[in-house]
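K.L.:
Please read through the structure below; I'll follow up with questions.
The values are calculated or read from the model by the stated rules, or taken from the named source; none is laboratory data. Owing to the predicted nature of the structure, the values given are computational and were not obtained by experimental measurement. Here the Cβ positions follow ideal geometry from the backbone for every residue, glycine too, while neighbour counts run over all protein chains shown. Areas reflect the complete protein model, heavy atoms only, side chains present, ligands, DNA and RNA absent. Shrake-Rupley method; radii C 1.70, N 1.55, O 1.52, S 1.80 Å.
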Amino acid sequence: MARHIPGTRALKALEAAGRRLNFTQAAGELGLTPAAISHQVKEFEDQFGVELFIRNSRSVRLTEAGTVVHEAVVEALSGLERAVARARKMARGTTQLKLSTDATFASKWLVPRIDRFRRLQPGIEMRFDIS
């Protein structure tokens with residue numbers, strides 16, 4: 001099944017327009033014209049067959065469907081940013097170590113040793129699960 005998903009430019013335009021509720025401000029933020037933002041949003045609406053914004057002469061606001069789509073776009077862009085950050089770390093040779101332990105062990109033994117470990121192993125990103 002072939003799916004057409006908007007490019008990141010269209011997603012960023014929709015995210016900024018939905019957050020600011022102003023095409024001119026969204027355009028300024030992204031270095032585009034208000035017409036380009038409007039075009040991106042309209043193309044998105046046409047592609048998916050749903051109205052995302054209610055446009056008045058001086059303002060725009062998200063429709064109920066627009067709110068749902070805007071939230072999904074925010075999540076998608078955030079997920080993509082996290083994935084790219086992880087991929088860049090992997091390309092640099094950064095590895096990740098996840099430690100799971102109880103609070104007593106963590107506070108009495110682990111925490112006092114973390115700084116030394118980080119100095120000795122700067123390429124290892126540490127994550128903790130303390131429960």
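K.L.:
Report, by residue number, each residue of the range 10-38 that is open to solvent by 70 Å² or more (accessible area, probe 1.4 Å) and in contact with a Pro (Cβ under 8 Å, 6 or more places away or on another chain).
P.N.:
Selection gives 24 alone.
K.L.:
Let me ask something else about it. Hey, does the range 80-98 have a residue that's open to solvent by less than 90 Å² (accessible area, probe 1.4 Å), under 20 Å from residue 6 (Cα atoms) and either in contact (Cβ under 8 Å) with a residue 24 or more places away in the chain or in contact with a strand residue (DSSP E or B) (Cβ under 8 Å, 6 or more places away or on another chain) (or both)?
P.N.:
yes
K.L.:
If you go through the range 95-131 one residue at a time, how many are under 27 Å from residue 85 (Cα atoms) and of a type in the set (Phe, Trp, Tyr)?
P.N.:
So the answer is 2.
K.L.:
Just checking, which of 63, 95, 67, 104 is hydroxyl-bearing (Ser, Thr, Tyr) and closer than 17 Å to residue 12 by Cα? Break it down into steps so the answer makes sense when it comes.
P.N.:
Details: 63 fails: closer than 17 Å to residue 12 by Cα; 95 fails: closer than 17 Å to residue 12 by Cα; 104 fails: closer than 17 Å to residue 12 by Cα.
67 is the lone residue from the list that is hydroxyl-bearing (Ser, Thr, Tyr) and closer than 17 Å to residue 12 by Cα.
K.L.:
With 74, 41, 50, 60 as the choices, which residue is farther than 24 Å from residue 4 by Cβ and surrounded by 13 or more Cβ atoms within 10 Å (Cβ to Cβ)?
P.N.:
When all the criteria are applied, what remains is 60.
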